[in-house]
1. Please compute the Cα-Cα pair-distance distribution of the chain with 5 Å bins starting at 0, giving whole percents from short to long.
2. Helix 61-77: angle to the longest alpha-carbon principal axis of the chain, degrees 0 to 90, nearest 10?
3. Which of the peptides 15-25, 186-196 is most tightly packed, and how do the rest follow, judged by the mean count of other Cβ atoms within 10 Å per residue?
4. Pull up all non-local amide H partners of L22: gap of 5 or more, or a different chain, and H-to-H distance under 5 Å with H placed in the peptide plane.
5. For the chain, with a Gaussian network of springs between Cα atoms less than 10 Å apart, report the residue from R69, R45, R124 with the top mean-square fluctuation.
6. Where Lys and Arg each count +1 and Asp and Glu each count -1, what net charge lies around I54 among other residues with Cβ under 9 Å from its Cβ?
7. Which whole-number percent is the relative contact order of the chain (Cα, under 8 Å, 6+ apart)?
8. Net charge near Y85: determine it from the other residues with C-beta under 13 Å of the C-beta of Y85, scoring Lys and Arg +1 and Asp and Glu -1.
Amino acid sequence: MKISTPDKLAELLQNSVAAIALTGAGISVESGIPSFRGAYGLWTRYDPMEYAHIQAFLSNPAKVWKLLRELEDIISKARPNPAHYALAELEKMGRLRAIITQNVDNLHQEAGSRHVIEFHGNARRFVCLRCGRAFDPETLNFDQLPLYCSCEGLIKPDIIFFGEEIPVAANKAAFELAKACDLMLVIGTSAAVMPANHLPYTAKNHGARIVEINPETTELTRRLTDYYFDESASQVLSEAMALLPGN
Ligand code: NAD
């Protein structure tokens, strides 16, 4: 795969009328949130089936909360980085229709992006598994874990565990956007998690060109990507933004 340079990305964005982004954990690495896979990934210390499967949470919530609290501690300190801000700016400029994110860290929203599809939920929200009641983190006491609702149901962060369905509305909106886009920026995802990794294939099958921004190649790079950028998300996006007219 030939490696593209930021001027190509600026040109693609300028010529697109319906660009969208699909983001993954990699876009938030420069904000201090480790990805799950890779050398420093959380899965080097936690077995995903023991800590991130819904059955694991149901059978031993106190154990799973150990990882959840560690994640919460990291996420609460993280701030958006130039890549998040660049996508927010592209939306304001009318050059990006929406972001579909696999991340649960809320950093796109904090950077100012408005049209964000949360494909895997959001760690800033909590929900009762029995009655569906939603909770703000400020109203919960994390000193006594696991957390229970007044209906005695288990409270869980509103994130999608392995073994859970993607929220219907987010799934529908994401696939509709993928079918309608003419350019998809796939940023910081290993494209290993289903069904999110079907979105680039859907976009391509409906005529979109696929841009991939990731220092490491993925299955998509080999099979699908039209333009591959091998630098960090903030570097590629910041350089491309500087080349766009109006900046
Ligand atoms: P992943 O961990 O499987 O892959 C991350 C990818 O990002 C890798 O391919 C890596 O090469 C790339 N990357 C690393 N640094 C980068 C950078 N600076 N710029 C661009 N790319 C970079 O992540 P995934 O594909 O998103 O799948 C993991 C799942 O775990 C997702 O469902 C996600 O919800 C969840 N997760 C979320 C967060 C978060 O909310 N920030 C963090 C970890 C995991």
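Each reported figure results from applying straightforward, stated rules to the coordinates on display, with no laboratory input. Remember, predicted model here, so these are calculated numbers, not experimental data. A quick note on method: Cβ atoms are made from the backbone with ideal geometry, for glycine too, and the neighbour counts reach across all protein chains shown.
1. 1, 6, 13, 18, 19, 16, 11, 8, 5, 2, 1, 0
2. On a 0 to 90 degree scale, this one is about 40.
3. Numbers: 15-25: 21.9, 186-196: 20.0.
Ranked by mean Cβ neighbours within 10 Å, highest first: 15-25, 186-196.
4. It is I100, L185, V186, I187, by chain and number.
5. R45
6. Details: positive: K156; negative: E164.
Charge balance in the 9 Å sphere: 0.
7. Reported as a whole number, the value is 26 percent.
8. Details: positive: R79, K92; negative: E30, E89, E91, E110.
Spelling it out: positives minus negatives among the neighbours equals -2.
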